[in-house]
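The values are calculated or read from the model by the stated rules, or taken from the named source; none is laboratory data. The structure displayed is predicted, hence computed values, not measured ones. Glycine also receives a Cβ, built like all others from the backbone with ideal geometry; neighbour counts cover every protein chain displayed.
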Amino acid sequence: MSKGILVVASGFSGAGKGTLLKRLLEKYDNYALSISATTRAPRAGEQDGREYFFRSREEFEALIQEGQLIEYAEYVGNYYGTPRAYVEKQLESGKDVILEIEIQGALKIKEMFADALLLFVSPPSAQELERRLITRGTEDEKRIQNRLRRAGEEAEGIDAYDYLLINDDLESCVDAMHSVIQSEHCKIQRNLGFVQTILQELKSL
Ligand code: 5GP
């Protein structure tokens, strides 16, 4: 069985990544979504082990020391990191694993896994991003400003990504994401085993 693809989905806070990924997993099989560890406090309605593994700073630092995270980063004052065991197991079993992480983590993943697929999700405009952050109502004014400032910094790094997905209409964006990942499966570089085999078979006909 061929290994799954490691897919990174980044995007400005408020770009609608959470909804997008939830819908992708509902609509299509063969995806696994990695659940990160974080030191940020849970938002209303968030559950430990579902949206995140919520950990204290000490607990998080222990995970780092023990090598249990593939990558981690600080984002607007909190740690966020990707647990290693789940990701490796799912990739081995042939699932495409999606990491919803910010840009520093994405760049580390690209360094470690050259064949990772990096997708950047953006709302159609900066005004729309601000509107979504305000209507989401999960952050106060100061935090919204911090996240918008951070979005400006992240925008500088978009050219490190492989594909841009504009999240205007949810269903179209979900389908575009699925198509990009499926196309990635068809790349010759990812199918060298098949190519070798058919070449051998053709020679022996
Ligand atoms: P939020 O607090 O809005 O849930 O997430 C803040 C940012 O942290 C988002 O851009 C999200 O993609 C990113 N993030 C979530 N989990 C991880 C992770 O495991 N590693 C890294 N590097 N970033 C993460």
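Among the residues of the stretch 156-171, those that are outside any loop (DSSP other than H, G, I, E, B) and either touching a residue at least 12 places away in the same chain (Cβ under 8 Å) or more than 15 Å from F120 (Cα to Cα) (or both) comprise I158, A160, Y163, L164, L165, I166, L170, E171. Here is a check on your reading of the model: is S34 at pLDDT below 95 and either touching a helix residue (DSSP H, G or I) at 6+ places or on another chain (Cβ under 6 Å) or among the polar types (S, T, N, Q) (or both)? Judged against the criteria, S34 is not a match. Kindly indicate the residue of the stretch 1-20 that is more than 10 Å from the ligand (Cβ to nearest atom) and out of contact with any helix residue (DSSP H, G or I) (no Cβ under 7 Å at 6 or more places or on another chain) and also nearest to Y80 (Cα to Cα) among those meeting that condition. That would be S2. Considered as a group, the residues in the stretch 1-19 that are of a type in the set (A, V, I, L, M, F, W, C) and within 11 Å of the chain's Cα centre (by Cα) include one that is surrounded by the most Cβ atoms within 10 Å (Cβ to Cβ), and that residue is V8. Restricting attention to the stretch 101-155, the residues being assigned to a helix (DSSP H, G or I), over 26 Å from A44 (Cα atoms) and of a type in the set (D, E, K, R) number 5. Among the residues of the stretch 43-62, those identified as assigned to a loop (DSSP other than H, G, I, E, B), closer than 20 Å to T19 by Cα and either more than 12 Å from the ligand (Cβ to nearest atom) or of a type in the set (A, V, I, L, M) (or both) are A44, G45, Q47, G49, R50.
When restricted to residues that are within 8 Å of the ligand (Cβ to nearest atom), part of a strand (DSSP E or B) and in contact (Cβ under 8 Å) with a residue 40 or more places away in the chain, the stretch 63-82 contains 6. Are any residues in the stretch 11-42 in a loop (DSSP other than H, G, I, E, B) and in contact (Cβ under 8 Å) with a residue 60 or more places away in the chain, and if so, which ones? Once the filter is applied, which keeps residues that are in a loop (DSSP other than H, G, I, E, B) and in contact (Cβ under 8 Å) with a residue 60 or more places away in the chain, the stretch 11-42 yields F12, S13, G14, A15, G16, Y28, N30, S34.
Considering only residues in the stretch 98-120 that are in contact with an Asp or Glu (Cβ under 9 Å, 6 or more places away or on another chain) and β-branched (V, I, T), the one that is nearest to the ligand (Cβ to nearest atom) turns out to be I101.
Which of the residues that make up the stretch 171-197 are touching a Leu at 6+ places or on another chain (Cβ under 8 Å) and surrounded by fewer than 14 Cβ atoms within 10 Å (Cβ to Cβ)? Across the stretch 171-197, there are no qualifying residues.
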